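Trainee: Quick one: the structure is below, and I'll ask about it shortly.
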């Protein structure tokens, strides 16, 4: 007896595509709130003179599938015939075994014979030869539109370079920013000028700055919960934070470590992968040494550590931040800083209630959140986001935004009372050679301008305000905070 049959495939497709009968999509599938990535994806879908396959990539539960449903809802409301739209989940066992050829053959024979179709592939990397199929569809069916999602970025990027060059646009879907979190929960939000950028505060009077901070204080009390449950839309809306963290461990972490990555990269010993991820959770925001990890986790080889870190990055569970060259000062070593993709993932994995009351741990958590926001903000630009460590005393700047021949922005996270910066700290010494220097502080009162030892001025701004304003600027279409 065949495992996959056309009847079986048709039943699964019909279940995934209820609009073929109803003509509409339910609110539970196409949720009301729309991520920034939805608007970016729609921009490409609506292009008439520049056809592109849209690829959405991000970790589990960030809302990639919801964005597809919302795009389908928009198409239906625009008058597109429901049968022209097909959603195909390659994560489903039946469809995964059947393969793209049999699925499309079944769809076109049973539902819609023409080729002016809207294909929505979910978790496309699970389909065999998926990149070649997307290329073939793009080349052979010029009236077809394709939107796909995937949780393995490098696999999608590699496919883009080899089969999708000139055909694909890859859109990263990170976990929600603090701004999106406040908007999703429909909290009482600040009333701010639509054109406000963070570094405009460099040129404001103290009274103007105080007015902005008074507005931003409306969201201050929501910041700690955001760090706890993170930027996962469904979990942010949950009324039980402990259960939300449990779901995060099971769906976001365990499924990726025990199923997705072993399946994609033929990993036989998932325990080693879990051990390495747990180690990285403990050192998030620190410079890591591959040798030190291999030594600490006795029995794990250096090549294994390197490969598994790449796999974790491919699954959007971690970021690697690399050292940058500043003002002719070369970085000391090419060792990366590791950041967990969302501070709440780290909290859920470590399961330590004291994290949010420990000053050192809170510093790591907030720096992780700041890096995530900055990296997500700049990913589409020709801009590197790394860190600086150098000079005679090997002083460090936590985050450096470096746009070649344009500007650099220095960001130091000082999440403690008073946000102390010494004259010989790297950000103070290099402030005058940067376009902007920002100290991300803890308390609402720690804001305003500070002089630096190199003659420039540094903007001190609380973490909740910095993250909110960065998301606010993104919402209003800005691609740089300077």
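Trainee: Can you go through 24, 14 and tell me which one is more than 24 Å from the chain's Cα centre (by Cα) and farther than 20 Å from residue 90 by Cβ?
Mentor: Selected residue: 24, the only one of 24, 14 that is more than 24 Å from the chain's Cα centre (by Cα) and farther than 20 Å from residue 90 by Cβ.
Trainee: Restricting attention to the stretch 327-342, which residues are surrounded by 22 or more Cβ atoms within 10 Å (Cβ to Cβ) and either modelled with pLDDT under 90 or touching a strand residue (DSSP E or B) at 6+ places or on another chain (Cβ under 7 Å) (or both)?
Mentor: 337, 338, 339, 340, 341
Trainee: Take residue 388 and tell me if it is more than 24 Å from residue 279 (Cβ to Cβ) and crowded, with 22+ Cβ neighbours inside 10 Å.
Mentor: yes
Trainee: Here's a follow-up. Yes or no: the stretch 467-476 includes at least one residue that is surrounded by fewer than 22 Cβ atoms within 10 Å (Cβ to Cβ) and over 17 Å from residue 373 (Cβ atoms).
Mentor: no
Trainee: Do we find a residue being within 26 Å of the chain's Cα centre (by Cα), farther than 26 Å from residue 380 by Cα and at pLDDT 90 or above anywhere in the stretch 164-185?
Mentor: For the stretch 164-185, residues within 26 Å of the chain's Cα centre (by Cα), farther than 26 Å from residue 380 by Cα and at pLDDT 90 or above: present.
Trainee: Continuing with this model, one more query. Tell me which residues, restricted to the stretch 196-208, are touching a residue at least 60 places away in the same chain (Cβ under 8 Å) and in contact with a helix residue (DSSP H, G or I) (Cβ under 9 Å, 6 or more places away or on another chain).
Mentor: Across the stretch 196-208, the qualifying residues are 196, 197, 198, 201.
Trainee: Taking residue 14 as the residue in question, decide whether it is at pLDDT 90 or above and in a loop (DSSP other than H, G, I, E, B).
Mentor: Judged against the criteria, residue 14 is not a match.
Trainee: Could you grab me the full set of residues in the stretch 216-236 that are free of Cβ contacts under 8 Å to residues at least 40 places away in the same chain and within 16 Å of residue 361 (Cα to Cα)?
Mentor: 225, the sole residue that qualifies.
Trainee: Any residue in the stretch 290-312 that is within 24 Å of residue 362 (Cα to Cα), touching a strand residue (DSSP E or B) at 6+ places or on another chain (Cβ under 6 Å) and either surrounded by fewer than 16 Cβ atoms within 10 Å (Cβ to Cβ) or modelled with pLDDT of 90 or more (or both)?
Mentor: yes
Trainee: Are any residues in the stretch 401-417 in contact with a helix residue (DSSP H, G or I) (Cβ under 9 Å, 6 or more places away or on another chain) and assigned to a strand (DSSP E or B), and if so, which ones?
Mentor: Scanning the stretch 401-417 gives 401, 403, 408, 409, 410, 411, 412, 413.
Trainee: Which residue, of 278, 235, 216, 264, is in a helix (DSSP H, G or I) and within 19 Å of the chain's Cα centre (by Cα)?
Mentor: On inspection, the qualifying residue turns out to be 235.
Trainee: Kindly evaluate residue 129 against the criterion of being modelled with pLDDT of 90 or more and surrounded by fewer than 22 Cβ atoms within 10 Å (Cβ to Cβ).
Mentor: Here the answer is no, as residue 129 does not meet what is asked.
Conditions (1) modelled with pLDDT under 95; (2) in the same structural domain as residue 282 (by TED's automatic domain parsing); (3) within 23 Å of the chain's Cα centre (by Cα), marked per residue:
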{"site": "363", "(1), (2), (3)": "yes, yes, yes"}
{"site": "375", "(1), (2), (3)": "yes, yes, yes"}
{"site": "388", "(1), (2), (3)": "yes, yes, yes"}
{"site": "392", "(1), (2), (3)": "yes, yes, no"}
{"site": "399", "(1), (2), (3)": "no, yes, yes"}
{"site": "412", "(1), (2), (3)": "no, yes, yes"}
{"site": "443", "(1), (2), (3)": "yes, yes, no"}
{"site": "448", "(1), (2), (3)": "yes, yes, no"}
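Trainee: Further question on the same structure: Out of curiosity, is residue 443 touching a residue at least 24 places away in the same chain (Cβ under 8 Å) and either in a helix (DSSP H, G or I) or out of contact with any strand residue (DSSP E or B) (no Cβ under 8 Å at 6 or more places or on another chain) (or both)?
Mentor: When the stated conditions are applied, residue 443 does not pass them.
Trainee: Also: Please give the number of the condition residue 77 fails out of (1) more than 24 Å from the chain's Cα centre (by Cα); (2) at pLDDT below 95.
Mentor: (2)
The values are calculated or read from the model by the stated rules, or taken from the named source; none is laboratory data. Being a predicted model, the structure only gives us computed values, none of them experimental. All Cβ positions, glycine included, derive from the backbone under ideal geometry; neighbour counts span all protein chains shown.
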